[in-house]
Amino acid sequence: MAKQPMLKFVKISRDMPEKRDAEARNTDFDEIYAGFAEAKAAEQASRCSQCGVPYCQSHCPLHNNIPDWLNLTATGRLEEAYQLSQSTNTFPEICGRICPQDRLCEGNCVIEQSGHGTVTIGAVEKYITDTAWEKGWVTPAAPAVERRESIGIIGAGPGGLAAADVLRRAGVQVTVYDRYDRGGGLLTYGIPGFKLEKDVVMRRIKQLEDGGVRFVFNCNVGETLSFEDIRDQHDGVIIATGVYKSRDLRGPGAGAKGIVKAIDYLTASNRASNFGDTVPEFESGELNAKGKKVVVIGGGDTAMDCVRTAIRQGATSVKCLYRRDRANMPGSQRETQNAEEEGVIFEWLTAPKGFKGDTVEAVIVEKMRLGLPDATGRQSPEVIEGSDYEEPADLVIKALGFEPEELPSLWGTPELEVTRWGTIKAEFTSGRTSLPGVYAVGDIVRGASLVVWAIRDGRDCAEHVLSDLDKQAVIAAE
Ligand SMILES: Cc1cc2nc3c(=O)[nH]c(=O)nc-3n(C[C@H](O)[C@H](O)[C@H](O)COP(=O)(O)OP(=O)(O)OC[C@H]3O[C@@H](n4cnc5c(N)ncnc54)[C@H](O)[C@@H]3O)c2cc1C
Ligand code: SF4
């Protein structure tokens with residue numbers, strides 16, 4: 001009888017790829033995890049219990065066929081593993097690096113529930129597609145038939161790019177417009193290199209270009225070109241513009257110099273440290289933590305990226321203020337642990353009350369406690385009166401989350417319906433909006449979310465665009 005290659009979780013323990021020591025990784029912006037070697041990937045994949053109802057798959061937003069590609073990896077059939085993995089995910093190596101697996105696939109792994117430690121799904125997914133790139137299995141779109149219809153996509157983040165890939169493979173003419181000078185959206189200018197190295201994103205942009213997707217960069221729709229211009233030029237438009245309006249701080253001194261927005265700070269760092277761009281605000285120190293006492297306000301993934309960036313830039317101290325406790329923070333526990341290892345100090349249950357100095361010198365901090373649960377069941381933070389103290393700071397980074405820009409007024413399209421939160425109202429899965437031939441995907445529909453959800457939206461929407469184009473072609477032929 002053939003040897004059973006799977007179910008090894010009883011004998012083999014969970015193992016992640018090697019993580020660089022904090023001391024070594026604090027000095028650069030390279031990823032902190034190495035890749036698996038072939039034997040290790042096969043070994044870790046073989047821990048999968050191949051359960052009949054794979055909860056990992058149902059909790060992956062893309063419903064990746066995880067048990068099957070783990071089995072193929074364990075048995076050395078890597079090219080098939082890659083084909084299967086990429087059939088449901090446009091950018092598996094990116095998700096493998098940055099999905100919060102503890103909340104998605106791995107958090108629902110059955111062997112994790114039975115106390116054996118989850119299968120390292122993300123690391124294996126990354127390994128499969130990194131190997132596919134090395135071996136030349138990843139190829140640009142080569143549609144069998146060219147279609148004459150064209151689709152304009154506004155936004156070159158993961159949502160727009162995933163839609164572009166599906167449409168182009170079906171032969172549609174695709175143009176992607178972006179106000180940045182490079183594609184990738186937050187993959188390029190939000191998420192730091194130590195989580196996702198930039199060549200991993202840039203090779204995907206090139207792959208799309210090689211497959212015939214046209215990119216128009218430095219094109220701010222609403223300024224450089226009007227939304228109506230884009231609608232006139234294409235048979236359909238997909239809006240994938242993400243959410244970029246930073247939530248602000250209130251309180252005395254909140255407008256002081258030295259209090260900056262997380263997105264500006266991270267973009268400057270990504271440009272200067274990963275692409276070697278000249279960024280005047282980085283050179284001048286305005287958006288650079290070198291030699292400074294840094295305080296970051298917020299407890300989400302953006303805050304984690306800011307604190308860890310500040311450490312790498314050579315801050316003298318980095319503190320993170322969050323108004324709830326560790327158990328109730330929105331950011332990934334894995335990233336919080338990484339930040340702590342790197343020297344970040346978390347001040348749980350604290351919030352800024354005000355700031356001292358015309359150029360910030362200190363944050364006036366008030367201590368909080370968790371009170372009764374609110375309507376959502378989450379305990380509300382309450383101020384502990386008289387608990388104020390001063391936290392010295394010469395750079396304060398606001399990482400309090402993002403909201404959508406007001407697209408209908410910015411673009412002069414009041415007919416484009418939005419929700420009361422300002423996100424675009426779009427039909428579930430198809431992404432159809434209130435305007436005929438206009439679709440929307442990703443964060444601009446969901447609010448600030450995850451890369452994997454943007455990919456899911458982009459893929460789903462593109463399938464509906466294709467079926468709408470087919471229907472229109474039939475009507476035109478009648
Ligand atoms: C700092 C940070 C860290 C994050 N870390 C993670 C993580 O670790 N894991 C994870 O899964 N998710 C993470 N996220 C969330 C994730 O990045 C987003 O959910 C995802 O990128 C959304 O994709 P999108 O395509 O909808 O939008 P975006 O990635 O925001 O892309 C939108 C694109 O539209 C362009 N655009 C906007 N307006 C216009 C206009 N008027 N004209 C032309 N172009 C325009 C922008 O320039 C941008 O390129 C993070 C977010 C941030 C801010
Ligand atoms: S895409 Fe994300 S959630 Fe799905 S299997 Fe990969 S790492 Fe897990």
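The values are calculated or read from the model by the stated rules, or taken from the named source; none is laboratory data. All of these numbers come straight from a predicted model, not from anything done at the bench. Neighbour counts are summed over all protein chains in view; Cβ atoms, including those assigned to glycine, are modelled from backbone coordinates with ideal geometry. Surface areas here come from the heavy atoms of the whole protein model, side chains and all, with no ligands, DNA or RNA. Shrake-Rupley method; radii C 1.70, N 1.55, O 1.52, S 1.80 Å.
For the range 291-307, the criterion of being free of Cβ contacts under 8 Å to residues at least 60 places away in the same chain and either of a type in the set (Phe, Trp, Tyr) or more than 24 Å from residue 19 (Cβ to Cβ) (or both) is satisfied by at least one residue. If the condition is being touching a residue at least 24 places away in the same chain (Cβ under 8 Å), closer than 24 Å to residue 319 by Cβ and open to solvent by 50 Å² or more (accessible area, probe 1.4 Å), then the range 384-429 contributes 388, 389, 390, 392, 394, 400. Regarding residue 12, is this residue in contact with a Lys or Arg (Cβ under 6 Å, 6 or more places away or on another chain), surrounded by fewer than 18 Cβ atoms within 10 Å (Cβ to Cβ) and closer than 30 Å to residue 342 by Cα? Spelling it out, residue 12 is indeed in contact with a Lys or Arg (Cβ under 6 Å, 6 or more places away or on another chain), surrounded by fewer than 18 Cβ atoms within 10 Å (Cβ to Cβ) and closer than 30 Å to residue 342 by Cα.
Those strands (runs of 3 or more DSSP E) of the range 269-366 in which 1 or more residues are among the acidic types (Asp, Glu) and surrounded by fewer than 21 Cβ atoms within 10 Å (Cβ to Cβ) occupy 345-348. Of the residues examined, residue 5 is not one that is in contact with a Phe, Trp or Tyr (Cβ under 6 Å, 6 or more places away or on another chain) and either open to solvent by less than 50 Å² (accessible area, probe 1.4 Å) or under 26 Å from residue 115 (Cα atoms) (or both). Test residue 73 against the stated conditions and say whether it is part of a loop (DSSP other than H, G, I, E, B) and either over 29 Å from residue 300 (Cα atoms) or more than 14 Å from ligand 2 (Cβ to nearest atom) (or both). Criteria not met by residue 73. Among all residues of the range 190-198, there is at least one that is of a type in the set (Val, Ile, Thr), buried (at least 18 other Cβ atoms within 10 Å of the Cβ) and at pLDDT 95 or above. Does residue 402 satisfy the criteria of being under 14 Å from residue 249 (Cα atoms) and under 29 Å from the mean Cα position of the chain (by Cα)? Considered against the rule, which asks whether it is under 14 Å from residue 249 (Cα atoms) and under 29 Å from the mean Cα position of the chain (by Cα), residue 402 comes out as yes.
So for the range 61-84 (the condition being within 15 Å of the chain's Cα centre (by Cα) and within 16 Å of ligand 1 (Cβ to nearest atom)), does at least one residue qualify? Within the range 61-84, one or more residues are within 15 Å of the chain's Cα centre (by Cα) and within 16 Å of ligand 1 (Cβ to nearest atom).
Residue 26 fulfils the conditions (1) open to solvent by less than 60 Å² (accessible area, probe 1.4 Å); (2) modelled with pLDDT of 95 or more; (3) touching a Ser or Thr at 6+ places or on another chain (Cβ under 8 Å) except for a single criterion, (3). Tell me the residue from 446, 432 that is at pLDDT 95 or above, under 29 Å from the mean Cα position of the chain (by Cα) and within 16 Å of ligand 2 (Cβ to nearest atom), please. Matching residue, one of 446, 432: 446. For the range 249-260, indicate whether the set of residues that are crowded, with 18+ Cβ neighbours inside 10 Å, out of contact with any helix residue (DSSP H, G or I) (no Cβ under 6 Å at 6 or more places or on another chain) and more than 27 Å from residue 305 (Cα to Cα) is non-empty. No; the residues of the range 249-260 include none that is crowded, with 18+ Cβ neighbours inside 10 Å, out of contact with any helix residue (DSSP H, G or I) (no Cβ under 6 Å at 6 or more places or on another chain) and more than 27 Å from residue 305 (Cα to Cα).
For the range 449-478, a residue qualifies if it is away from ligand 2 (no atom under 16 Å from the Cβ) and either part of a loop (DSSP other than H, G, I, E, B) or of a type in the set (Val, Ile, Thr) (or both), and the qualifying residues are 465, 474, 475, 478.
Residue 198 falls short on exactly one of the conditions (1) within 16 Å of ligand 2 (Cβ to nearest atom); (2) under 23 Å from residue 32 (Cβ atoms); (3) of a type in the set (D, E, K, R), and that condition is (1). Only one entry of 33, 82, 55 meets the criterion of being of a type in the set (Phe, Trp, Tyr), within 16 Å of ligand 2 (Cβ to nearest atom) and open to solvent by 80 Å² or more (accessible area, probe 1.4 Å), and that entry is 55.
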